Amino acid sequence: MERAALTTAAVVADAAALADQAGFDAVTLSAVARRLGVRAPSLYSHVRDREALLDGITALALGELAERIAAAIAGRAGRPALEAFATAHREFALQAPGRWQSLQRRAGEIAVRSGGARQMVTLTRAVLRGYPVPQDQHVHAVRVLGSTINGYLALERSGGFNHSAPSPELSWHKTVQALDALLNSWPTGNPS
């Protein structure tokens with residue numbers, strides 16, 4: 001059987017699969033080359049270096065997460081949209097742990113300019129439209145959402161909630177409920 005020709009998309013997809021299986025830090029050009037049955041220098045015609053490969057995974061993950069969020073929030077507003085938005089993040093973190101981990105790093109140009117990144121901005125703004133958060137405050141609200149959701153998921157993923165009751169599931173629902181309350185009573189004016 002003849003091996004299919006390598007493409008940038010195929011290299012990045014294989015690297016993402018490796019990240020999910022072995023962890024994001026396990027992704028190297030040589031590890032991906034071994035998986036693809038080629039020598040590492042063969043990959044340089046598809047990805048500039050390891051950072052470009054990692055950025056490719058981040059861009060791929062952004063696109064996949066955006067698809068999930070779009071499907072989850074369609075036709076919803078306010079708390080139902082927020083719950084769907086947060087749950088899509090959580091399910092992605094559980095089902096694609098290496099790809100989710102790729103979203104927890106400083107993204108390079110490939111990821112920042114990707115269609116997935118643009119779609120994530122659009123979808124997050126769509127969720128915020130269901131709340132009385134002034135448009136000039138959206139950047140702050142986005143940061144609160146991101147840090148709360150990603151912080152919770154990082155602690156859950158590391159087992160930080162395994163040693164006490166109640167269940168992390170109950171705390172997750174309380175977290176989303178608290179975010180909903182915060183967004184519904186967003187502080188106005190500048191901090192003193």
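Peptides 86-97, 30-41, 71-82, ordered by how many other C-beta atoms sit within 10 Å of their residues on average, highest first, read 86-97, 71-82, 30-41.
One Cα centroid belongs to the range 145-168, the other to the range 1-59; the line between them spans 30 Å. Extension gain for the segment S158 to R34, taken as residue separation times 0.36 nm less the Cα-Cα distance, is 41.8 nm to one decimal. Expressed per residue, the C-alpha convex hull volume of the range 68-175 stands at 111 Å³.
Overall, the chain carries a charge dipole of about 160 debye about its Cα centre when +1 sits on the Cβ of Lys and Arg and -1 on the Cβ of Asp and Glu, all other atoms neutral. Dividing the summed -39500 (n - 2.57) terms of all DSSP H runs of n ≥ 4 by the residue count of the chain sets its mean residue ellipticity at 222 nm at -21000 deg cm²/dmol. Using R₀ = 41 Å, calculate the FRET efficiency as 1/(1 + (r/R₀)^6) where r is the Cβ-Cβ separation of E51 and R125; round to 0.05. E(calc), rounded to 0.05, equals 0.90. The fraction of Cα-Cα pairs per 5 angstrom bin, counted from 0 for the chain, comes to 1, 8, 14, 17, 17, 14, 11, 8, 5, 3, 1, 0, 0, 0 percent, rounded to whole percents. Relative to the longest principal axis of the Cα atoms of the chain, the long axis of helix 50-73 makes an angle of roughly 40 degrees.
Relative to the longest principal axis of the chain, what angle (0 to 90°, nearest 10) does the C-alpha long axis of helix 8-22 take? The answer is roughly 70 degrees. The simple spin-label model puts a point 7 Å past each Cα toward its Cβ; for N184 and S171 those points are separated by 2.4 nm.
None of the figures in this text is laboratory data; all of them are computed from the coordinates on show. Worth saying up front: this structure is predicted, and the values here are computed from it rather than measured. When we count neighbours, we look across all protein chains shown, and the Cβ atoms used for this are built from the backbone with ideal geometry, even at glycine.
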